[in-house]
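A.B. asks: Just passing along the structure, written as structure tokens.
The values are calculated or read from the model by the stated rules, or taken from the named source; none is laboratory data. Since the model is a prediction, treat every value here as computed from it, not as a measurement. Here the Cβ positions follow ideal geometry from the backbone for every residue, glycine too, while neighbour counts run over all protein chains shown. Ligands, DNA and RNA are excluded from the accessible area calculation, which covers all protein heavy atoms including side chains. Shrake-Rupley method; radii C 1.70, N 1.55, O 1.52, S 1.80 Å.
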Amino acid sequence: MKIGMIFECGPQGADKKVCERFARQIKPDIQIISVTLDNKPNLITNCGKVAAQLIKQGCDRILIVWDLYPAWREKKQKPCRKEDRQAIQNTLANAGVTSANVYLICIEPELEEWFLYDLTALSSVLSTTAHPVTIRKSPNGGTNPKKTLTKLFEENTGKKYNDLIHADIIAKNISKFEKIAKKCPSFERFVQKIT
């Protein structure tokens, strides 16, 4: 199966790295063509053209993946999944993309939420031989899971969480997707659309 993925991050972005890794773990024989559009406004404006190109390239499915609350968000601005979805659907329609195999995956609130539900993976990444870490209770990410991860990293390693480095390392340590899928609807939807 060939799958196209459209992201709101840059070419080396955490969303792209993590989603590609998980897709390959879920379906090892998958072919992935990823396109990064740098930010949410660009994704909303350009995903229709990109989806049309991916369909021409023979993709069986296309996933459009974005964070409800991107890292660059304005504090005053409250995002709305319904508004994002409608804007993306309008862009797809304007580009003539009517395929039922184009799926929208809104990660609420952002990618790091997925990581907060696998305590074993988090503990493993935060541990060193000299200082093992065991996280016993799932931290509440609220509307800013990235901030929660930053706090965990600072408390346990003395370093800040950097999504460009640490997101893929955490993802590499996650093996039980069922746990995350039970607690995180956006992750469950991602897994369903890959399979």
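A.B. asks: Arg85 label point, 7 Å along Cα→Cβ, cut-off 13 Å on backbone N: hits in the stretch 106-134?
C.D. replies: Within reach of a label on Arg85: 106-108.
A.B. asks: Another question, if that's okay. What is the calculated FRET efficiency for Ile33 to Lys147, with r their C-beta to C-beta distance and R₀ = 25 Å, to the nearest 0.05? Don't skip to the answer; put the middle values down first.
C.D. replies: Values: r = 33 Å, r/R0 = 1.30.
The formula returns an efficiency of 0.15 here.
A.B. asks: Taking every pair of alpha-carbon atoms in the stretch 4-109, what share in percent sits in each 10 Å bin, from 0 to the bin with the longest distance?
C.D. replies: 15, 50, 30, 5, 0
A.B. asks: Follow-up question, since we're still on this one. Label Lys183 and Asn94 with points 7 Å out from Cα along Cα→Cβ: what is the distance between them in nm?
C.D. replies: Taking the simple label geometry, Lys183 and Asn94 are separated by 3.9 nm.
A.B. asks: On to the next question. Given Cβ point charges of +1 (Lys, Arg) and -1 (Asp, Glu) and nothing else, what value in debye, to the nearest 20, does the dipole of the chain about its Cα centre take?
C.D. replies: Working: 31 positive and 21 negative charges, 48 e Å.
With only Lys, Arg, Asp and Glu charged at Cβ, the dipole is about 240 debye.
A.B. asks: Then there is this: As an exercise, use a Förster radius of 35 Å and the Cβ-Cβ distance of Thr195 and Ser127 to find the FRET efficiency, rounded to the nearest 0.05. If you can, show how the numbers build up before the last one.
C.D. replies: Numbers: r = 32 Å, r/R0 = 0.90.
The computed FRET efficiency comes out at 0.65.
A.B. asks: Shifting gears a bit: With labels modelled as points extended 7 Å from the Cα through the Cβ direction, what inter-label distance (nm, one decimal) is found for Lys159 paired with Asn173?
C.D. replies: A separation of 1.2 nm, rounded to one decimal place.
A.B. asks: If you wrap the stretch 1-63's Cα atoms in a convex hull and average its projection over all directions, what's the area in nm²? Please report the intermediate quantities before stating the final value.
C.D. replies: On the way: hull surface 15.2 nm².
Its Cα hull, projected and averaged over all orientations, spans 3.8 nm².
A.B. asks: Considering only lysines 8 or more places apart in sequence, or on different chains, count the pairs in the stretch 36-148 whose C-alpha atoms sit under 22 Å apart.
C.D. replies: Summing the qualifying lysine pairs gives 16.
A.B. asks: Near the amide H of Ile6, under 5 Å away, which other amide H atoms are found, from residues 5 or more places off or on another chain, if H is placed in the peptide plane?
C.D. replies: Those lying under 5 Å, H to H, from Ile6 are Val35, Leu63, Ile64, Val65.
A.B. asks: Could you look at the stretch 113-170 and say what percent of its accessible area is carbon and sulfur, using a 1.4 Å probe and all protein chains?
C.D. replies: Details: 1690 of 3270 Å².
Heavy-atom surface of the stretch 113-170 belonging to carbon and sulfur, 1.4 Å probe: 52 percent.
A.B. asks: Turning to a different aspect of this structure: Rounded to the nearest 500, what is the 222 nm mean residue ellipticity of the chain from helices alone, with -39500 (n - 2.57) per DSSP H run of 4+ residues and division by all residues?
C.D. replies: Values: 9 runs with 97 residues, N = 195.
Value at 222 nm, helices only: -15000 deg cm²/dmol.
A.B. asks: Using the Karplus equation 6.51 cos²θ - 1.76 cosθ + 1.60 (θ = phi - 60°), what ³J(HN,Hα) coupling, rounded to whole Hz, does each residue of the stretch 54-63 give in order, writing x for Gly and Pro?
C.D. replies: Taking θ as phi minus 60°, the curve returns 5, 5, 4, 7, x, 5, 6, 9, 10, 10 Hz for the stretch 54-63.
A.B. asks: For Cα Rg over 2.2 N^0.38 Å, the choices are (1) 1.04; (2) 0.95; (3) 1.47; which was calculated from the structure?
C.D. replies: (1)
A.B. asks: Tell me the net charge near Asp118. Cut-off is 15 Å between Cβ atoms, Asp118 excluded, with +1 for each Lys or Arg and -1 for each Asp or Glu. Write out the running numbers ahead of the final one.
C.D. replies: On the way: positive: Arg21, Arg136, Lys137, Lys172, Lys176, Lys179, Lys182, Lys183; negative: Glu112, Glu113, Asp168, Glu178, Glu188.
Value of the local net charge: +3.
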